[in-house]
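**Q** Submitted below is the structure of interest, expressed as structure tokens.
The values are calculated or read from the model by the stated rules, or taken from the named source; none is laboratory data. Nothing here was measured: the structure is a model prediction, and the numbers come from that model. Note that we place each Cβ from the backbone using ideal geometry, even for glycine, and neighbour counts take in every protein chain shown.
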Amino acid sequence: MNPSRAFILRPVGTALLMAAIMLVGLVALRFLPLSALPQVDYPTIQCRRSIPGASLGRDDVIRDCARSSVSSDRCRRSIRCRRKARRSSIITLQFNLDLPLDIAEQEVQAAINAAGNLLPSDLPAPPIYAKVNPADAPILTLAITSKTLPLTQVQDLADTRLAQKISQVAGVGLVSLSGGQRPAVRIQANPRALAAYGLNLDDLRTTISNLNVNTPKGNFDGPTRNYTINANDQLTDADAYKSAVVAYKSGRPVMLTDVATIVQGPENTKLGAWVDGTPAIILNVQRQPGANVIQVVDNIKKLLPQLQQSLPAALEVRTVTDRTTTIRASVRDVQFELAMSVVLVVLVMYLFLANVYATIIPSLSVPLSLIGTLAVMYLCGFSLDNLSLMALTIATGFVVDDAIVMIENIARYVEEGEPPLEAALKGSKQIGFTIISLTVSLIAVLIPLLFMGDVVGRLFHEFAITLAVTIVISAIVSLTLVPMMCAKLLRHTPPHESHRFEARAHRAIDWVIARYAVALTWVLDRERSTLVVAVLTLVLTALLYVFIPKGFFPVQDTGVIQAITQAPQSVSYASMAERQQELAAQILKNPDVQSLTSFIGVDGSNITLNSGRMLINLKPRDDRSSTASEVIRQLQQDVAHIAGASLYMQPVQDLTIDSTVSPTQYQFMLTDPNMSEFTTWVPKLVERLKEAPELADVATDLQDNGQSVYVEIDRATASRYGITPATVDSALYDAFGQRIVSTIFTQSNQYRVILEAQPSMQHYTESLNSIYLPSSTSSGGQVPLSAIAKFIERPAPLLVTHLSQFPATTVSFNLAPGSSLGAAVKAIDQAQKDIGCRRRSRRVIRARRSRSSLAVERTVPDSRGHRHDV
């Protein structure tokens, strides 16, 4: 049986079949998206809630509700809750790869709905969620600045005219505004003035709430006309509040301005962002897990000119970070390498075949196989990325093998004098089964990659399918087009009629074959030595495998560095802002740094007030002398002299699957049901790890040493005055919590009315003596808070992390120069033994996918030496 016979005898049909393969491939090429890597992200959803001024304990119910409501363990990978001491908490949910992101979203929405009755009643807004991985760096960062407009107005314009429109682009997971200058009316109360008028903060809050309302008022429906009832029940700006009356005392009105200062300012004064040292509003765009980066950024850039036309001329919108620049460059490089490999394969074939027609025939099989594969890639939902293009590049060498084998066998009969058609039929019949067996054997090598699971399987699935399809199409071309063209083009050429180049090429090849025969004879005469060399080679290969550095994915130089800054846990906002700008100024002095954006404050992405974020953009690779890793080492030396601030940096990677941003490249997590055990064991472990020569930049996210003022209420004394703890909490929240007391509704947005004490009172703990509470006894009057309570300063945690149901903390580190991951793991084990940890639980090592590394999960022993394993 000859599978090629029908195609040899029908050249027109064979040509049309090849033309169809070429056509569908070229059409698919226009629709294939570009990306850096295949879509391998875990479905990840981030849920956030915010209560200004809340303590850590308020988040327990939210965490418990999220854990119990999202109850499908078969489709949930992990739940990580990070609770911040001042404003908000973040719950990050990662689902298994086999669960679609839309289904995961439905699970989260159902959990929020189920937990609605259990959530605190004073939440300013229900928890919100976004289909985004918080550890994924923004794909696009815009800096919005103005030389004339205040930042509050810049924020308002950026939110209403940019962020809301960009968030509607397909593939965008989250659009966040760093800098937080959202407009608001801030009412800064004077507690002493209130007490002088016989008022208190609770009275002021109730009055302000009643001054600004927006409730239904009904309508009139007469015989012929209908009227809707409206009223001037809303106060829309700070000036409108200045004429408000809060009470009448001794027959005269008490104006709001008599007891408070009213300003138009930001909703949260503890947020700040800068671009190259200039105050700005930073707009960060993060993609949905699985979304194509190139396509999302292209759609946003098409929309930007239209959006900028609606902005005032005084507003400047600048693209600071574009993650697609390096992705496009890397894809272009791989495409160039693919083209070069095709050219080199053709040249090598011509050099050895020394025949134009014999070179043309297999050369056509290369583009046909590669372009035809593009159609299958499109049908499978693949993209043109580094791995799929690498598969096509590798396949370039494979696809010519079948064609050359077929040509060689047919050419042998042609040289023996048989007609080309008979030689093609005879040669293809003999070699057809060989080509099929070669194809099957090559695909069999890819079977482990095809059936590999989890992230590694997802990552190489596209590579394996692309390579396998290319090999199959190559076999089809070799069994159809190649023998048909051999029948039409191959002719026997006598040696005396050969071209001079062909004759020289044949003589050169004959010389190489002769030298190879001599070398082969020399090796065969020394069998024992050859076997010894083979064994030594095998042993050396095994040794190199043991000692060669291992990692999940190579560290990329994307031209962007993500940095985390840390200051002492008790640092104030003003001091943190000063340190952040000092670090930024030093970083900008580096000649390889092009720009940077930075922000501080507790918001949806930052962790605590004593930490900040930076995104450092490097110059194009051709314009700088150092790689990203080298720049990081230079910057660490440049900022080492800055006191009171630590800077942790690592290059932004295209592959980010973990759900947390780590200061360093490696991390391991400690879990313990008793959170207080961390205070004893983690500092000991960190100090011991800092002494290990295998590790560098050891850090931990344990934030348990912040400062707090504990108000110890004398309940007996308070009850004599008719004061309850609820009254104390309410007064403290009114004064120091940036409390939202009312909302201003407009057609495009909503703005808050914030109640607080005067800014000068928020600097020192002595201001607690100025807080007065209403007495509910018959005598009435105002009672100083100091009369019923004592104020005690003591440390308190700033951040609490839960991994599923257990408290957890993370220890991060980098490898020291010349060290390996295996040596680092041994150093961690030894450190545990040195501090007295007994190993009673099984060690678990897993791939940390977001940092090209491994993370080592550990458990923490309690005071009795028992280990708590999750």
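**Q** I'm trying to understand the selection: among the residues of the stretch 702-758, which are of a type in the set (Asp, Glu), outside any helix (DSSP H, G or I) and buried (at least 18 other Cβ atoms within 10 Å of the Cβ)?
**A** ASP704, GLU756
**Q** Select from the stretch 500-521 the residues that are over 19 Å from ILE404 (Cβ atoms) and at pLDDT below 90 and list them in ascending order.
**A** Selection gives ARG500, PHE501, ALA503, ARG504, ARG507, TRP511.
**Q** Keeping to the stretch 572-600, report how many residues are more than 30 Å from ALA329 (Cβ to Cβ), crowded, with 22+ Cβ neighbours inside 10 Å and not charged (D, E, K, R).
**A** Adding up the residues that qualify gives 3.
**Q** Moving on. Say whether the condition of being within 30 Å of LEU118 (Cβ to Cβ), outside the structural domain of SER474 (by TED's automatic domain parsing), at pLDDT below 90 and assigned to a loop (DSSP other than H, G, I, E, B) is met by at least one residue in the stretch 32-49.
**A** Kept after step one, since they are within 30 Å of LEU118 (Cβ to Cβ), are these residues of the stretch 32-49: 42-49.
From the residues that got through so far, the ones that are outside the structural domain of SER474 (by TED's automatic domain parsing) too are 42-49.
Then drop every residue that is not at pLDDT below 90, which leaves 42-49.
Narrowing the set further to residues that are assigned to a loop (DSSP other than H, G, I, E, B) leaves 42-43.
There is at least one residue in the stretch 32-49 that is within 30 Å of LEU118 (Cβ to Cβ), outside the structural domain of SER474 (by TED's automatic domain parsing), at pLDDT below 90 and assigned to a loop (DSSP other than H, G, I, E, B).
**Q** Is it the case that some residue within the stretch 768-775 is surrounded by fewer than 20 Cβ atoms within 10 Å (Cβ to Cβ), outside the structural domain of ASP697 (by TED's automatic domain parsing), free of Cβ contacts under 8 Å to residues at least 12 places away in the same chain and farther than 30 Å from VAL661 by Cα?
**A** Looking for residues that are surrounded by fewer than 20 Cβ atoms within 10 Å (Cβ to Cβ), outside the structural domain of ASP697 (by TED's automatic domain parsing), free of Cβ contacts under 8 Å to residues at least 12 places away in the same chain and farther than 30 Å from VAL661 by Cα, one finds none in the stretch 768-775, hence no.
**Q** May I pose another question? Scan the stretch 98-117 for residues that are aliphatic (A, V, I, L, M) and at pLDDT 75 or above and jot them down.
**A** Result: LEU99, LEU101, ILE103, ALA104, VAL108, ALA110, ALA111, ILE112, ALA114.
**Q** If a residue has to be on the phi < 0 side of the Ramachandran plot, touching a residue at least 40 places away in the same chain (Cβ under 8 Å) and not hydroxyl-bearing (Ser, Thr, Tyr) to count, how many in the stretch 402-434 make the cut?
**A** Residues of the stretch 402-434 on the phi < 0 side of the Ramachandran plot: 402-416, 418-434.
If we keep only those that are touching a residue at least 40 places away in the same chain (Cβ under 8 Å) as well, we get 402-407, 410-411, 414-415, 420-421, 423-425, 427-429, 432.
After this cut, where a residue has to be not hydroxyl-bearing (Ser, Thr, Tyr) as well, the list is 402-407, 410-411, 414-415, 420-421, 423-425, 427, 429, 432.
Residues flagged as on the phi < 0 side of the Ramachandran plot, touching a residue at least 40 places away in the same chain (Cβ under 8 Å) and not hydroxyl-bearing (Ser, Thr, Tyr) within the stretch 402-434 amount to 18.
**Q** For the structure I just gave you, tell me whether LEU370 is touching a Lys or Arg at 6+ places or on another chain (Cβ under 9 Å), surrounded by 17 or more Cβ atoms within 10 Å (Cβ to Cβ) and over 30 Å from ILE561 (Cα atoms).
**A** No; evaluated as a whole, the condition is false for this residue.
**Q** Test PRO693 against the stated conditions and say whether it is over 22 Å from ILE262 (Cβ atoms), in contact with a helix residue (DSSP H, G or I) (Cβ under 9 Å, 6 or more places away or on another chain) and of a type outside the set (Phe, Trp, Tyr).
**A** Details: over 22 Å from ILE262 (Cβ atoms): yes; in contact with a helix residue (DSSP H, G or I) (Cβ under 9 Å, 6 or more places away or on another chain): yes; of a type outside the set (Phe, Trp, Tyr): yes.
Judged against the criteria, PRO693 is a match.
**Q** With respect to VAL331, is the statement that it is out of contact with any strand residue (DSSP E or B) (no Cβ under 7 Å at 6 or more places or on another chain) and not basic (Lys, Arg) true?
**A** No: the conditions fail for VAL331.
**Q** Just need a number here: residues in the stretch 639-663 that are touching a residue at least 60 places away in the same chain (Cβ under 8 Å), within 22 Å of THR627 (Cβ to Cβ) and in contact with a helix residue (DSSP H, G or I) (Cβ under 8 Å, 6 or more places away or on another chain).
**A** Keep residues of the stretch 639-663 that are touching a residue at least 60 places away in the same chain (Cβ under 8 Å), which gives 642, 644-663.
With within 22 Å of THR627 (Cβ to Cβ) added as a condition, the list becomes 647-656, 661-663.
In the following step, the residues that additionally are in contact with a helix residue (DSSP H, G or I) (Cβ under 8 Å, 6 or more places away or on another chain) were identified as 647, 649-651, 653-656, 662.
Residues meeting the conditions: 9.
**Q** Do we have ILE564 as within 26 Å of GLY644 (Cβ to Cβ), touching a Phe, Trp or Tyr at 6+ places or on another chain (Cβ under 6 Å) and at pLDDT 85 or above here?
**A** Yes; evaluated as a whole, the condition is true for this residue.
**Q** OK, next. Please count how many residues of the stretch 440-475 are farther than 19 Å from VAL342 by Cα and not acidic (Asp, Glu).
**A** The number of residues fulfilling the criteria is 23.
**Q** If you don't mind, there's one more thing I want to ask. Considering only the stretch 408-416, I want to know if a residue exists there that is closer than 21 Å to MET1 by Cα, in a helix (DSSP H, G or I) and small (Gly, Ala, Ser).
**A** Within the stretch 408-416, one or more residues are closer than 21 Å to MET1 by Cα, in a helix (DSSP H, G or I) and small (Gly, Ala, Ser).
**Q** Criterion first (without any contact (Cβ under 8 Å) to a residue 40 or more places away in the chain, aliphatic (A, V, I, L, M) and either surrounded by fewer than 17 Cβ atoms within 10 Å (Cβ to Cβ) or touching a helix residue (DSSP H, G or I) at 6+ places or on another chain (Cβ under 7 Å) (or both)) does ALA196 satisfy it?
**A** In short, yes.
**Q** Same structure, new question: What number of residues in the stretch 479-499 are modelled with pLDDT of 90 or more and among the polar types (S, T, N, Q)?
**A** Selection size over the stretch 479-499: 1.
**Q** Shifting gears a bit: Give ASN214, ASN210 a once-over and let me know the one that is without any contact (Cβ under 8 Å) to a residue 60 or more places away in the chain, over 23 Å from PRO784 (Cα atoms) and of a type outside the set (Val, Ile, Thr).
**A** Working: ASN214 fails: without any contact (Cβ under 8 Å) to a residue 60 or more places away in the chain.
Sole residue among the options that is without any contact (Cβ under 8 Å) to a residue 60 or more places away in the chain, over 23 Å from PRO784 (Cα atoms) and of a type outside the set (Val, Ile, Thr): ASN210.
**Q** Exactly one of these conditions fails for ARG192: (1) in a strand (DSSP E or B); (2) in contact with a Ser or Thr (Cβ under 9 Å, 6 or more places away or on another chain); (3) of a type outside the set (Phe, Trp, Tyr). Give me its number.
**A** ARG192 satisfies all of (1) in a strand (DSSP E or B); (2) in contact with a Ser or Thr (Cβ under 9 Å, 6 or more places away or on another chain); (3) of a type outside the set (Phe, Trp, Tyr) except (1).
**Q** Looking only at residues that are of a type in the set (Val, Ile, Thr) and within 30 Å of LEU142 (Cβ to Cβ) in the stretch 230-282, which one is nearest to the chain's Cα centre (by Cα)?
**A** Restricting attention to the stretch 230-282, the residues satisfying the condition of being of a type in the set (Val, Ile, Thr) are 236, 245-246, 254, 257, 259, 261-263, 269, 275, 278, 281-282.
In the following step, the residues that additionally are within 30 Å of LEU142 (Cβ to Cβ) were identified as 236, 263, 269, 275, 278, 281-282.
Values: THR236: 39, VAL263: 38, THR269: 27, VAL275: 21, THR278: 26, ILE281: 21, ILE282: 17 Å.
Filtering the stretch 230-282 for residues that are of a type in the set (Val, Ile, Thr) and within 30 Å of LEU142 (Cβ to Cβ), the one nearest to the chain's Cα centre (by Cα) comes out as ILE282.
**Q** Restricting to the stretch 811-824, what's the tally of residues that are within 24 Å of the chain's Cα centre (by Cα) and buried (at least 19 other Cβ atoms within 10 Å of the Cβ)?
**A** Of the residues in that region, 5 qualify.
**Q** If a residue counts only when it is at pLDDT 50 or above, which strands (runs of 3 or more DSSP E) contained entirely in the stretch 791-870 have at least 1 such residues? Spell out how you get there, then give the answer.
**A** Values: elements: 799-803, 806-815, 844-848, 853-859.
By residue number, 799-803, 806-815.
**Q** Check ASP654 against each of (1) farther than 16 Å from ALA808 by Cα; (2) modelled with pLDDT of 80 or more and name the one condition it does not meet.
**A** Going through the list (1) farther than 16 Å from ALA808 by Cα; (2) modelled with pLDDT of 80 or more, ASP654 breaks only (2).
**Q** Can you name the residue in the stretch 664-677 that is touching a residue at least 60 places away in the same chain (Cβ under 8 Å) and either among the polar types (S, T, N, Q) or not assigned by TED's automatic domain parsing to the domain that holds PHE813 (or both) and is also nearest to ILE327 (Cα to Cα) among such residues?
**A** GLN665
**Q** Please tell me if VAL132 is at pLDDT 70 or above, of a type in the set (A, V, I, L, M) and within 24 Å of ILE282 (Cβ to Cβ). Spell out how you get there, then give the answer.
**A** Values: at pLDDT 70 or above: yes; of a type in the set (A, V, I, L, M): yes; within 24 Å of ILE282 (Cβ to Cβ): yes.
Against the criterion (at pLDDT 70 or above, of a type in the set (A, V, I, L, M) and within 24 Å of ILE282 (Cβ to Cβ)), VAL132 qualifies.
**Q** Among the listed residues LEU315, LEU338, LEU351, which satisfies the condition of being under 30 Å from LYS147 (Cα atoms) and in contact (Cβ under 8 Å) with a residue 40 or more places away in the chain?
**A** Exactly one of LEU315, LEU338, LEU351 is under 30 Å from LYS147 (Cα atoms) and in contact (Cβ under 8 Å) with a residue 40 or more places away in the chain, namely LEU315.
**Q** Restricting to the stretch 217-245, name every residue that is outside any loop (DSSP other than H, G, I, E, B) and in contact (Cβ under 8 Å) with a residue 40 or more places away in the chain.
**A** ALA238, TYR241
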